[in-house]
Amino acid sequence: MFRSGIEDRGPGMLDAGAHDLSVLDLLVSAVLLLDEQGTIVHANAAAEDIFGLSRRHLLGLDACNLFEEAEDLRQSLREALDEAFAHKTLPLQLARPGGGEPLDLSAAVVVQHGQPWPVLLELRETHYRTRIERAEERLEHADANRELLRNLAHEVKNPLGGLRGAAQLLQAELGDPRLTEYTQVIIAEADRLHALVDRLLAPHRTPRRLGPVNIHEVCERVAALVMAECGAGLKLIRDYDISAPELTADREQLIQALLNVVRNAAQALAERRRQGQAEITLRTRVARQVTLARQRHPLILVLQVIDNGPGIPEAIRERVFLPLVSGRDGGTGLGLSVVQTIVQQHGGEIDVESRPGCTEFRLMLPLTSPA
Ligand SMILES: Nc1ncnc2c1ncn2[C@@H]1O[C@H](COP(=O)(O)OP(=O)(O)OP(=O)(O)O)[C@@H](O)[C@H]1O
Ligand SMILES: [Mg+2]
């Protein structure tokens, strides 16, 4: 049996002073420390997130009661106490509040020698990568894309210039006006391709003009523009934290970024607007101690754009931030890649969660210089 220093103090009474467990809050996986009865004696910040309960509420609960079908977990905890293994992983399911599909988790039961908590339970979402993993991947993609675009633009523009020049010369030589129709098609298409390449490169080229920016002024500008474009049947809900401090940012670029996101939402809501049931929420919040683009920030601004439209088509959900990915007739698929570039140039991150009936884009921007 394990020595247990928590028995005398009762459940949920781990002496925090004796053990500095704050380091567990830096982990992206949820961690629960359990006593011999399987009662939670400590929960880290990621555990609070995953269960939607504060630490105070988690302490003292029977860990097995948090999951659906927890018999395997109960059995594993018994085996852990008998030292049948050092660690073991098993699948678990977490019921979501308000119904819906349960969340699939991978749980590691780890035996703890010489600690007042005999078992550590580590939980990770099976299918969903963490925000940090997704952000890392996007940052790498963005770097690779930028390189690819630069090279491609160079390779495309040179021959395009030759093509256009040759078509112009040919046009001057042709006497028959019916034939110049063809050369005009060549010239017009060459110009279209040239303009597309320029638009692909534009967000990487524009220098930033930084200054103090009130995010709510940005929101209001975008709201006015989108309501003027497609306000009929659309309800815009403002949920602002007016105490949010000013950002140091390029105001025009932020307007452009937010406009692209809100315009997408309004476009996706076309059907709902006709029914008079379209809603877009603009929400601002401040969050503390968040890692963005590999830097930890004491304070960040979170700007959420939430719509009740059909959701991002499944086939492109993982790729929406890549250039030229579009699920819309007539869309060029550049809007979100521009947003991502602008947000990343401001040291921030963008993320999205989407399902039918609810799409949420989250723009996260540093409010203070990195600690
Ligand atoms: N709020 C949303 N709801 C549903 N689908 C969305 C939403 N936002 C984006 N999308 C999907 O993501 C795709 C990519 O968006 P993006 O803004 O990058 O390009 P686009 O809107 O197609 O073209 P562009 O913005 O260049 O005119 C859209 O075509 C649409 O299918
Ligand atoms: Mg768009």
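All of the numbers you see were taken from the coordinates with simple rules; none came from a lab. Keep in mind it's a predicted model, so treat the numbers as computed, not measured. Ideal geometry is used to build each Cβ from the backbone, glycine not excepted, and the neighbour counts take in all protein chains shown.
Mind ranking 187-199, 248-260 by how tightly packed they are, going by the mean number of other C-beta atoms within 10 angstrom, highest first? If you can, show how the numbers build up before the last one.
On the way: 187-199: 14.3, 248-260: 20.8.
Final packing ranking: 248-260, 187-199.
Under 4 °C and 1.567 mPa s, how fast does the chain diffuse according to Stokes-Einstein, given a Kirkwood radius computed over C-alpha pairs? Answer in µm²/s, whole number. For these conditions, the coefficient is 53 µm²/s. Full extension of the segment from residue 368 to residue 186, taken as 0.36 nm per residue of separation minus the current Cα-Cα distance, would add 60.4 nm. Across 36, 136, 155, mean-square fluctuation computed from a Gaussian network of the chain (C-alpha pairs under 10 Å connected) peaks at 155. Given +1 at the Cβ of Lys and Arg, -1 at the Cβ of Asp and Glu and no other charges, the dipole of region 162-255 around its Cα centre is 120 debye to the nearest 20.
Taking a ≥ b ≥ c as the square roots of the Cα gyration tensor eigenvalues, with a/c under 1.5 meaning rounded and otherwise prolate when a/b beats b/c, else oblate, which class fits region 288-348?
On the way: a/c = 2.71, a/b = 1.87, b/c = 1.45.
Prolate is the answer for region 288-348, as a/c is 1.5 or above and a/b outweighs b/c.
For residue 286, project a label point 7 Å along Cα to C-beta. Then give me every residue of region 223-249 with its amide nitrogen under 15 Å of that point. Correct set: 240-248. Given in Å, the Rg to one decimal and the Dmax to the nearest whole number for the Cα atoms of region 215-371 are 15.2, 49.
Averaged across orientations, what area in nm² does the convex hull of the alpha carbons in region 130-205 project? Write down the numbers at each step before the final one.
Numbers: hull surface 25.0 nm².
Its average projected convex-hull area is 6.2 nm².
Label-to-label distance, residue 147 versus residue 208, with points set 7 angstrom from Cα along the beta-carbon direction: 2.2 nm.
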